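Heads up, the thing below is written out as structure tokens.
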Amino acid sequence: MKLSNKHKAILCIICSAFFFALMNVFVRLSGDLPSIQKSFFRNFVAFFFALIMIIRSREGFRINRDNLGWFIGRSTFGTLGILCNFYAVDHLLISDASILNKLSPFFAIIFSFFLLKEKTTKVQAAAVAIAFAGAVLVVKPGFAVSGALLPSLIGVCGGLCAGMAYTMVRVLGQKGERGPMIVIFFSAFSCIVTLPFLIFDYHPMSGVQIIMLICAGLAAAGGQFTITAAYTHAPAREVSVYDYTQIIFAAALGFIFFSQIPDILSVIGYCIIAGVAIAMFIYNNRRAADKYIFSYRQKDHK
């Protein structure tokens, strides 16, 4: 059975959620290193991963010069999003940083409305809001913690920047740019921006830490490619809600690697997120079927 673009996008974004959850595990296992150093290695590995894919494709390093501004914008906001997220992870509870990062799909829908003029139905907007509420139940952010205001605001900025970056990924996809070129441009841009800071504040790493960061980079590359594919195949309003499955993957991996057991509120949150994802899948399928039937009847009358 041939998958539609929407179904491909859903599959890609769920795979992306798993890869990014796995990346967070490896980043945590890499120990006490500066967040900017972790960010550099994350993108350094992703760069070579993308480079190999482009060389194997034999399609070259072509981009449309008219799209250069979108490439730079996507890379700028993507880099800011990573740095803000890593800063939040280093200065907040992991749960707080996670929920702030999960604001990105919500921001992506908002930016898609303004940049791409993509309309959002009330049902789709409500689904994203409910999924966000479920994520809040899972992570239970503690914003009342003393000294957390600035890192929390930076975490929100990270979600906003990531949302803008993903919207620009869709713009580039609509303009015919290839996923590997979007990834390699972003990875190279991010490495160049963070390299000076790494040189002046490099912390020596053990062999285990290097291996963990390489694994984090590979997982990040997998997540980057699949999320790029997701947003080039379908609008943010139709697939962004599935990005919340990362909370479920994170909980499962947290149990496997760190013996973390979720409480009842977290379980309720999982049910809400999974329920919304299923409901959205059914809703989008019915909506697409109704449009097809309506279009078919219109042609019949002609």
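The values are calculated or read from the model by the stated rules, or taken from the named source; none is laboratory data. No experiment lies behind these values; they were computed from the predicted model shown. Positions of Cβ are generated from backbone atoms using ideal geometry, with glycine treated the same way; all protein chains shown enter the neighbour counts. The protein model used for the area step is the full one, side chains on, heavy atoms only, and it has no ligands, DNA or RNA in it. Shrake-Rupley method; radii C 1.70, N 1.55, O 1.52, S 1.80 Å.
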**Item:** Largest-first ellipsoid semi-axes for the chain, taking √(5λ) over the Cα gyration tensor eigenvalues, angstrom
**Value:** 31, 25, 17
**Item:** Gain in span if fully extended, HIS203 to CYS271, counting 0.36 nm per residue against the direct Cα distance
**Value:** 20.3 nm
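If you place +1 on the Cβ of every Lys and Arg, -1 on the Cβ of every Asp and Glu, and leave all else neutral, what size is the dipole of the chain about its Cα centre, to the nearest 20 Debye? Working shown, then result.
Working: 26 positive and 13 negative charges, 286 e Å.
Computed charge dipole of the chain: roughly 1380 debye.
Place the peptides 227-233, 12-18 in order of packing, highest mean first, counting for every residue the other Cβ atoms within 10 Å and averaging per peptide. Please report the intermediate quantities before stating the final value.
On the way: 227-233: 25.9, 12-18: 22.7.
Per-residue mean Cβ counts within 10 Å order the peptides as 227-233, 12-18.
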**Request:** Could you calculate the contour length gain from ALA133 to VAL156, that is, 0.36 nm times the residue separation minus the distance between their Cα atoms, to one decimal place in nm?
**Result:** 6.7 nm
**Message:** If I take R0 = 41 Å and measure r between the Cβ atoms of ILE72 and ARG286 in this structure, what FRET efficiency does the formula 1/(1 + (r/R0)^6) give, to the nearest 0.05?
**Reply:** 0.55
**Prompt:** Where the accessible area of the chain is counted over protein heavy atoms with a 1.4 Å probe, how much of it, in %, is carbon and sulfur?
**Reply:** 70 percent
**Farthest positive-ward along the chain dipole, Cα basis, beta-carbon charges - from GLY155, PHE225, LEU83** = PHE225
